[in-house]
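The values are calculated or read from the model by the stated rules, or taken from the named source; none is laboratory data. Just so it is clear, the model here is predicted, and its values are computed rather than measured. All Cβ positions, even for glycine, are placed from backbone atoms using ideal geometry, and neighbour counts span all protein chains on display. Accessible surface areas use protein heavy atoms only, side chains included; no ligands, DNA or RNA. Shrake-Rupley method; radii C 1.70, N 1.55, O 1.52, S 1.80 Å.
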Amino acid sequence: MSGSSQRFWLNSVLLIVLLVVGGGGYWVWQQTQAANEPKSLLSMQRSELQSIVIERYWEKPQAERIEFERQGEVWFMIKPYALEANPVKLTQLMTLPFEPVLAAYPKAGQDLKSFGLEPLSTRLLFNDQVLGFGNSNPITQQRYLLVKDQIILVSEVVAGLIMGSTLDLVARTLIPTNRSIKAVLLPDGSQQTGVGFLNNWRSASAVLLEPVSLINASQSQVKIILTDSREITFLVERTEQDLKLTNVAAKLTYILPISMADKLLKAN
């Protein structure tokens, strides 16, 4: 075999060795990186999440319970209001179960009260997995959670939602995203079916929501007829600055700018 042929085969063997060693090194590096990645808080995929419950005790004999359910691609609040959930707020809330675990300690022998985990003022259920929501660390502002038999430390951005107003978690739109309008019956008795008019109702969004304890059935009414034959009835009230539309079934008032009155109540 000539010298050039020997060099060719030698170089080929060396190249194969380098590829094998390099590939093995890369595989080891990948496995090390995967092992070093922090684990998520709960063992589920985001697509598997179907229900969320917030239970707030706050010195009450019975927990205040806020329930959400996924219907197709849309999230709805089931209790205390049977309405579409605020999609932005729910997306933010759903970050919690997928936050990386920063630290974990066995709860045995720990002073749970010092972590705000005994007694629990708030707990959350994502599907059937339970999180106890405790205090934040006074230095890092990271949150202590109780998950099964462990105290978990995470960074989170949901405390304001969990501890805030229930109405902040309700969608501001008048009509659920997964519903279509067939017609609108106005207070003057006219029936509106124009595409533009129906789109006004679909896109209308309140600037504020208020609960209502008593319904005044003598007020003017608008009836929304959906394509699935369901109906949504709103009571109408106008002030100098606001248009107030009260969902009769939900006992909730949607407050819009008075400028929306022409778009939603003026017959074409």
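Couple of notes before you dig in:
- Cross-link partners of K89 among aspartates and glutamates, defined as those whose alpha carbon lies under 20 angstrom from its own and excluding same-chain residues fewer than eight positions apart: E48, E55, E64, E67, E69, E73, E99, E156, D168, E210.
- Placing a pseudo-label 7 Å from each Cα along the Cα-to-Cβ vector at D188 and T95 gives an inter-label distance of 4.8 nm.
- Here Q219 and L125 are evaluated by their C-beta separation; at R0 = 45 Å the FRET efficiency comes out at 0.70.
- Apolar share of the accessible surface for the stretch 53-114: 53 percent from carbon plus sulfur atoms, 1.4 Å probe.
- V170 - accessible surface, heavy atoms, 1.4 Å probe, Å² rounded to 10: 0 Å²
- Between the beta carbons of R230 and S165, assuming R0 = 41 Å, the FRET efficiency works out to 0.90 to the nearest 0.05.
- Alpha-carbon spread of the stretch 141-220, three principal axes, descending order, Å: 61, 31, 23
- Label-point separation in nm, R238 to I139, each point 7 Å along Cα→Cβ: 6.2 nm
- Residues whose amide H comes within less than 5 Å of that of T122, counting only those at least five positions distant or on another chain, are Y57, F133 (H built at 1.01 Å from N in the peptide plane).
- Mean Cβ neighbour count within 10 Å, used as a protection proxy, ranking 219-227, 243-251 highest first: 243-251, 219-227
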